[in-house]
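First comes the structure, then the notes that go with it.
The values are calculated or read from the model by the stated rules, or taken from the named source; none is laboratory data. These numbers come from a predicted model, not from an experiment. Cβ: placed from backbone, ideal geometry, glycine included. Neighbour counts: every protein chain shown.
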Amino acid sequence: MSNLALSLNTPTRSQSLHEQTYQALRLAILSGELKAGERLIETQLAKALEVSRTPIRESLKQLQRERLVTSDPNGGLRVIQLTVADAIDLYDCRISLEQLSVTRACQNIDQAQLSHLELIVTQAENIIDKPSHQLTNCQLLHIDHQFHRLLAEFSHNPWLVSLLDQVFDQMELLRMRTMEQNPGVLEICLEHRRIYEAVAAKDTEQAIRAIVEHLSASKERVIREIQQLNSLSSGN
């Protein structure tokens, strides 16, 4: 943790020190700055963020409730390290939830929202098609997240959005780990385009088929990478 580049945002009246600390740690975990399985030591985190241990302790408790931080057998805290079984469970949740997402999007999406969704797909295609594109894994995941979250928002079901947000956070951890080994795990062009076209046509059956195929393919890619990472770790 000696090279940690954590920092707090400029303090604002609307954000308490605890909230700023929590957001800084959460971002560090989701971006991969704090690695999966890394031990979290209050004194080191407090020093890195230039705060007392109290907001650190409160933030870590909140992150435990969100299952981004877990306790180890010795009572210490670590960034959660997701397994193949976790990947299967998380993808199964997403496949179920996002079928509802595209079903409702087909029913409720308006022209302005459809144009917004198309813009996200087109921007991704334009960036990825450039041989010299230099996007980080975190930026690629953000593009993917935008597309899927917009679909959820356009379903007009706030409960669905809330549930998916919880799954997205866990999956970002999972995919940051696998993309470090193989950026090709993430497919955000062809598969997204198929989903968009089905939603644009308001073809619910095709939209469901496209989202299931997309997430199932992603599931297979991620599981394969985790298995390879585990093999490398055990080999060491």
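Output the number of residues of segment 39-53 satisfying the condition of being in contact (Cβ under 8 Å) with a residue 12 or more places away in the chain and crowded, with 17+ Cβ neighbours inside 10 Å.
Qualifying residue count for the region: 5.
Given the criteria at negative phi, loosely packed, with under 13 Cβ neighbours inside 10 Å and among the charged types (D, E, K, R), does Asp86 qualify?
no
Quick test for you: out of Thr70, Thr21, pick the one residue that is under 18 Å from Leu173 (Cα atoms), at pLDDT 90 or above, under 24 Å from the mean Cα position of the chain (by Cα) and β-branched (Val, Ile, Thr).
Thr70
Ile95: β-branched (Val, Ile, Thr) and at pLDDT 95 or above, yes or no?
In short, yes.
One line per residue, one yes/no per condition, for (1) within 21 Å of Asp110 (Cβ to Cβ); (2) without any contact (Cβ under 8 Å) to a residue 40 or more places away in the chain; (3) among the aliphatic types (A, V, I, L, M):
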site	(1), (2), (3)
Leu151	yes, no, yes
Asn157	yes, no, no
Leu164	yes, no, yes
Met171	no, no, yes
Leu190	no, yes, yes
Ile211	yes, no, yes
His214	no, yes, no
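Which residues, taken from segment 93-113, are in contact with a helix residue (DSSP H, G or I) (Cβ under 8 Å, 6 or more places away or on another chain) and either of a type in the set (Asp, Glu) or not in a helix (DSSP H, G or I) (or both)?
Listed by number, the residues that qualify are Glu98, Ile109.
What number of residues within segment 63-86 are farther than 16 Å from Ile29 by Cα and of a type in the set (D, E, K, R)?
Of the residues in that region, 2 qualify.
Return yes or no: is Ala105 in the same structural domain as Ala201 (by TED's automatic domain parsing), among the hydrophobic types (A, V, I, L, M, F, W, C), modelled with pLDDT of 95 or more and in contact with a Phe, Trp or Tyr (Cβ under 7 Å, 6 or more places away or on another chain)?
yes
Give me the residue from segment 123-169 that is part of a helix (DSSP H, G or I), small (Gly, Ala, Ser) and surrounded by 18 or more Cβ atoms within 10 Å (Cβ to Cβ) and, out of that set, modelled with the highest pLDDT.
Here the answer is Ala152.
Mind checking which residues of segment 16-71 are assigned to a loop (DSSP other than H, G, I, E, B), under 23 Å from Cys138 (Cβ atoms) and hydrophobic (A, V, I, L, M, F, W, C)?
Leu34, Ala36, Leu68
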